[in-house]
Structure formats: C-alpha cells, structure tokens
Amino acid sequence: MNQKDIEKIKQRLLEMRDELEMLNATAKASTATVVLDQSSVGRLSRVDALQGQQMALETERRRKLQLTQITGALQRIESNNYGFCADCGEEIIAGRLFINPTATKCVNCSE
C-alpha cells in the first residue's frame, strides 16, 4: 500500500473518530438513570424507558469499541505497522482496508 492510500485512510479514520466522539457527547442523556416512580410514570412507560436506556448503553459500548479500534489503527499508521495482518504478518489488501480501515487481519486469517 502506498503512502497516498495510507493518508486517505488516516483522514477517514480521523473523521470517523471525530464523528463518534460527537455522537458520544450528544447521547449522554439517553444513558441517564431511569426514574422508577410509579406515581409519575406507568409500568409500560417505565419498561419502555428502561429498554431505551439499555439500547443507548449498548450503542455507547459499541462506539467506545470503535474508538479503541480507530485509535489502534492510527497508532499502527504512526509506527509504520499499518496494513499488515496481526496473525500471519502478510499485507492486508487495500480494498479490505478501504472498506474497514480498522481491520487487523487479512481475509484468510479472519475466517
């Protein structure tokens, strides 16, 4: 993979990171504690609120995982280890990295 392609991928990773951080900042209210006061909220409304809270927490967990993967990819770019399979050491094809810039394994090793 040439330096121009790596720079494009790096820019994409930085944009992905910025977007995820912005989403995390705006989604904080969704993960707030649900009030369980039956006099102010009906049982079904509470269940719906709890379900919404759990979905928001799972979404936040997935965003954090993505941020960790993006940080790892950016570190590999800086250390010139980007684009090589973590298992076999072979070069990961550019098409795979354009689709998933956080990929750490080649197609053969990921199966």
Point to revise | Spread of Cα-to-Cα distances over 10 Å intervals beginning at zero, given as percent, for the range 39-111 | key: 18, 32, 19, 14, 11, 6, 0
Study note, to complete from the structure: Once phi for every residue in the range 102-108 is put through the Karplus expression 6.51 cos²θ - 1.76 cosθ + 1.60 (θ = phi - 60°), the whole-Hz ³J(HN,Hα) values, with Gly and Pro written as x, are 9, 4, 10, 10, 6, 4, 4
Review point. Once amide H atoms are placed 1.01 Å from N in the peptide plane, what residues at a sequence separation of 5 or more from Phe84, or on another chain, have their amide H within under 5 Å of its amide H?
Key: Ile92
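Every read-out reported here was derived from the displayed coordinates using simple, explicitly stated rules and does not represent laboratory data. All of these numbers come straight from a predicted model, not from anything done at the bench.
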